[in-house]
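Colleague: Dropping a structure here in structure tokens format, bear with me for questions.
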Amino acid sequence: MKVSCDGVMTSDELNIGVETSEAFNDKKFSLKFKSILRSADQLNRCMTVADVTSIFHELACDTGVRMLLMRKWSTGLRVLLAVGVDVPAEMTTTGDNPELISLIDNDIFNLTSEEKSVYVGNLTSKVVSGEFMQIANIGNQQSFVLPLPSRGRWNTSIYFDWDVDCKVASLLPMLANSALTKLHCIEAGITTSGSKIAAMMAAEKASRTDLANIDLSTLTPEKVVDMVGELSVLPQVASKILSLLSKDDVTAADLEREINLDQVMTARILGVANSSYFMGNSEIKTVRDAIVRLGFRTIRSWTLVAASRAVILGGRKSEVLNSIWEKSVSTAIACQVAADISGLCDREVAFTGGLMQNLGQLVLARALPDQYAKIFESANKQGEPVHAIEKQSFGFDHGDLGGCLIERWHLNPELAESVKLHHAGYEQEVPELARMIALGEELAEVRENTLEVAEVKHAISENAKILKIDIESWTKMWEELTNIDVDC
């Protein structure tokens, strides 16, 4: 298988998609980025307009971004503070009778003050006076103008500008809009220090990540899932799609409309429709055509794959997590192939079971990374199945966690029970679907091995014996699985 603002923002929000970029390896970028993160956190604790001004002043000094702090008078602007801009001395507040920088009709400093809004973009002679253009030495820079309140009047402004190729350019306007929200709160007398909330968030984060001394005997599957809180809820678009597909009167147009709301979901569905497993005579280029080729039930299965990837992997670059993810999807497809060839259960239910049972491993790897790494190490050293070492260590295995996720996501109750029992002892009587899920897992394990290895696996498989899967059927399953290439 081929696997491949509004409001005051927080440093976590700024961190999305940036830390993992190649630019983060650039030392200068890293320093600027960290300065902006610090400024974002400081904004949340600001209590006065002066606090906000100080943050931007410090940021300009740290990053080399140019800044002007100016007071607006009836006929012009007076410079109160300059960083990186050579302002004529007579236009600063140091002189006895400082001169004013002229304004024009529809001047951006007037407009931002009147509308109490931020301006972001290039400044030209259409929005500021030629005198300001000359003094600020404006070329092709990007900039923002942030108005500040003073005794009920928004007559002071911060001007910031930076090079258009600045790697943190997109973060500075976000910071300005965040500051504007804070300034409106300060002006309205709303206290938004957020210290108690920040402490609560820190405690919650610590409860999820500081697990070095956790007593494993106190854990339950529900507690482990709770450690990675966002797992409890499916992404909104995926939830809507699954809800739509549960209705008898859903149409392809309804489904297309929801899928198109999520670019990632759209790309996944088109990728599956064009994979070797489903490939027809022509390339699929639209969601509507993908729905026709795949059918509603297959769309449901791959919606679940995309949703699971989003909540469990997200943007994380982890060799362990990605390895388990590949195995999860490989097992899901193997279960579906086994269901197709044996006819023992519904192919889409088998697919979901194969996916969800392995997601339990991803939950453990996310919630307890250090402890789970030791589980894998012990399994390799002892030659024991991973699920057996999980049972010894935690008192439950990844199947219990997969069943817990199915329940949290309000999927099929019978499926949840089968996932929980798929590693049950062979003397136990369990649902046939549980044995099919276990069989799919075994099949996925030998997918990249030779036929001889696959045949040995069949010979020792208790699941194959219980389900009466003969060697011919097993070989057919293995051959079909080896020919599937799905980018998930």
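Colleague: Among the residues of the range 347-373, what is the count of those that are farther than 18 Å from residue 300 by Cβ, surrounded by 22 or more Cβ atoms within 10 Å (Cβ to Cβ) and not hydrophobic (A, V, I, L, M, F, W, C)?
Modeller: 5
Colleague: To continue, here is another question. Have a look at 111, 59, 148, 81 and point out the one that is in a helix (DSSP H, G or I) and touching a helix residue (DSSP H, G or I) at 6+ places or on another chain (Cβ under 7 Å).
Modeller: 59
Colleague: Would you check if residue 65 is in contact with a strand residue (DSSP E or B) (Cβ under 8 Å, 6 or more places away or on another chain), surrounded by fewer than 17 Cβ atoms within 10 Å (Cβ to Cβ), modelled with pLDDT under 90 and not small (Gly, Ala, Ser)?
Modeller: Taking the combined requirement at face value, the residue does not satisfy it.
Colleague: Would you mind finding the one in 82, 89 that is loosely packed, with under 14 Cβ neighbours inside 10 Å, at negative phi and of a type in the set (A, V, I, L, M)?
Modeller: 89
Colleague: Pick from the range 273-318 the residues that are among the basic types (Lys, Arg) and at pLDDT 75 or above: which of them is farthest from the chain's Cα centre (by Cα)?
Modeller: 293
Colleague: Among the acidic types (Asp, Glu), out of contact with any Cys (no Cβ under 8 Å at 6 or more places or on another chain) and assigned by TED's automatic domain parsing to the domain that holds residue 223, is that true of residue 432?
Modeller: It is false that residue 432 is among the acidic types (Asp, Glu), out of contact with any Cys (no Cβ under 8 Å at 6 or more places or on another chain) and assigned by TED's automatic domain parsing to the domain that holds residue 223.
Colleague: Also: Looking at this structure, is residue 131 surrounded by fewer than 20 Cβ atoms within 10 Å (Cβ to Cβ) and modelled with pLDDT of 90 or more?
Modeller: Criteria met by residue 131.
Colleague: If you don't mind, another one. If a residue counts only when it is closer than 16 Å to residue 355 by Cβ, which helices (runs of 4 or more DSSP H) contained entirely in the range 380-453 have at least 3 such residues? Let's see the steps before the verdict.
Modeller: On the way: elements: 386-394, 398-408, 413-421, 432-445.
Where helices (runs of 4 or more DSSP H) fall fully within the range 380-453 and carry at least 3 residues being closer than 16 Å to residue 355 by Cβ, they are 398-408, 413-421, 432-445.
Colleague: Out of the residues in the range 212-229 meeting the condition of being over 16 Å from residue 396 (Cα atoms) and not hydrophobic (A, V, I, L, M, F, W, C), tell me which one is modelled with the lowest pLDDT.
Modeller: Among residues in the range 212-229 that are over 16 Å from residue 396 (Cα atoms) and not hydrophobic (A, V, I, L, M, F, W, C), the one modelled with the lowest pLDDT is 213.
Colleague: Conditions first: (1) closer than 15 Å to residue 419 by Cβ; (2) touching an Asp or Glu at 6+ places or on another chain (Cβ under 7 Å); (3) surrounded by fewer than 24 Cβ atoms within 10 Å (Cβ to Cβ). Residue 344 passes all but one, so which condition is the exception?
Modeller: The number of the failed condition is (1).
The values are calculated or read from the model by the stated rules, or taken from the named source; none is laboratory data. All of these numbers come straight from a predicted model, not from anything done at the bench. Don't worry about glycine lacking a Cβ; one is built from the backbone with ideal geometry, like all the others, and counts go over all protein chains shown.
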